[in-house]
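FYI, it's all coordinate maths here, none of it is from the lab. Quick caveat, the model's predicted, so the values are computed rather than measured. Reconstructed Cβ throughout: ideal geometry from the backbone, glycine too, with neighbour counts over all protein chains shown.
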Amino acid sequence: MERIAVKFGGSSVAEASQLKKVKAIIEADPRRRIIVVSAPGQRYAGDAKLTDLLYLCHKMAMLATAIDEPFALIRRRFAEIAGDLGLGDRTLSELDSFRAALIGGCSRDFAASRGEYFSARLVAEYLGGEFVDPVEALLIRANGTIDEDSYRALGARFSRQDGLYVMAGFYGRDRLGQVKTFSRGGSDISGAIAARAAGAILYENWTDTSGILMADPRIVKNPQTIAEISFREIREMAYMGASVFHDEAILPVREAAIPIRIKNTNRPDDPGTLITGRLSAGTIAATEIAGIAGRKDFSMICLEKSLLNKEVGFAHRLLGILREHGVSFEQCPSSIDAISVIVEDAQLQGLEEVLVDEIRRQLQPDSLFIEKNLALVAVVGEGMVRTVGIAAKIFSALKEAGVNVRVINQGASEMNIIVGVAATDYQKAVRALYTAFVDNP
Ligand code: ASP
């Protein structure tokens, strides 16, 4: 039997009225058998997310401060959901022993994981499904990657093809069997793992937007939704700052060639965005680019030295100095007598002076300076390499907008062109590129 794995994010399980929509979605397609849920999220702007309250309680308990107030909010939230859906109080009664565990000094990960745990317990009861605790089968290594054995173990857990399973997202266990969470937003990863373990034909990720947008809606007014995008493109977009779903959630399904569809729980008929290994011919023909993404807060360390190109190992030594100080770099454009390295501001913090001294001492450049307040903007698209005139379009759009381009880099993946501009020109650059490629292609 073909099965679909579905993951519902925090806003989809935030309250009873949302869970009714979830039920309707599950019932609308009998192939939706593997369900993964987040902890209840925001019901309205400014509302507290359950996970944040859990972290807060844990911190307060560690400081031996009374947790009554935040804990009451957690309890009330679950009690309201259970009450409004007419569920029993078995799950709620477990909250008392959790409270004792918090006061007794449980781990931070255990505390945070209870949002998903109780959420999945309630959803399983409501949908008449079987609750799956990922601590039984999902092994997360110390470095945050997934132990391959987890797929087999979870697959066995989902063995009944007609069974309806509800698994808690966001956590698994470590080698010692203790609860271990992913990074924030990690239920997306759990959903991808469940999809692969179950051999699902599709991984549906249900959220509160109708797919991934071609540009940041805070910069471009009403950007178009991406109908179809490849795994490679989405990784580039996420890396360059597009807030799509968790970028680590792509690998488990990509390796198994399971497509992902991003859907909106509040508008289930909207097509959303399909993320696939191989774009359909129509998509490649219809769109020159997949989207535009960008990040601010970069600095560029610029060095000049005559005959630099003749000095073997110059770049190696420069990057070695960065490595010694634990600084990772984004890009490293070079020319005959100059080389520069672009790094995130956060990486440089407190290290500027030592780096400059060290570079001067070891490499004796003719000039050395750090240019601050740079933004990087990426135009991403698989079809770009085969299309004539993309670069020309990018640079004429930026010229028309009066944006000075400080750095140009065609990513090694040949799927993006990245330009570095002054941070003050960032929004202008994104808008100009969007207009050139999407509004007036
Ligand atoms: N509840 C967790 C968080 O808020 C994980 C998730 O929702 O994906 O980060």
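Restricting to DSSP H runs of at least four residues, report the calculated mean residue ellipticity at 222 nm for the chain, -39500 (n - 2.57) per run over all residues, nearest 500 deg cm²/dmol.
Estimated from H runs of four or more residues: -11500 deg cm²/dmol.
Net charge near Y239: determine it from the other residues with C-beta under 14 Å of the C-beta of Y239, scoring Lys and Arg +1 and Asp and Glu -1.
Within the 14 Å Cβ shell, the charges total -3.
Contact order normalised by length for the chain, with contacts defined as Cα pairs under 8 Å and 6 or more residues apart; what percent is it?
The normalised contact order for the chain reaches 13 percent.
Any idea what log10 I(q)/I(0) is at q = 0.09, 0.10, 0.11 Å⁻¹ for the chain, Debye with uniform C-alpha scatterers and no solvent?
After summing over all Cα pairs, the log10 values are -0.69, -0.83, -0.96.
Under 12 Å from the Cβ of R386, count the other residues' Cβ atoms, weight Lys and Arg +1, Asp and Glu -1, and hand me the total.
-3
Residues with amide H under 5 Å of I408's amide H, sequence separation 5 or more or different chain, H placed in the peptide plane at 1.01 Å from N; which?
Residues meeting the amide H criterion: G420.
Would you please give the residues with an amide H less than 5 Å from that of I212, counting only those at least 5 places away or on a separate chain, with H modeled from the backbone geometry?
Excluding prolines and chain starts, which carry no amide H, the hits are I226, T273.
Ranking K372, K305, K310 by Cβ neighbours within 10 Å, fewest first, what do you get?
By the 10 Å Cβ count, ascending, the order reads K310, K372, K305.
Segment 317-360 to segment 119-141: how many Å between their Cα centroids?
46
What length, rounded to one decimal in nm, is gained on full extension from V385 through to K59, with 0.36 nm per residue of separation minus their alpha-carbon distance?
112.3 nm
Determine the relative contact order of segment 237-296: mean sequence separation of Cα pairs under 8 Å and six or more apart, normalised by residue count, in whole percent.
Relative contact order, segment 237-296: 39 percent.
Per residue of segment 255-260, what does 6.51 cos²θ - 1.76 cosθ + 1.60 with θ = phi - 60° give for ³J(HN,Hα)? Whole Hz please, x for Gly and Pro, Karplus curve as stated.
For segment 255-260, the Karplus-derived couplings read 4, 9, 6, 9, x, 10 Hz, x marking Gly and Pro.
What's the center-to-center distance, using Cα atoms, between segment 210-265 and segment 422-440 in Å?
When both Cα centres are located, 20 Å separates them.
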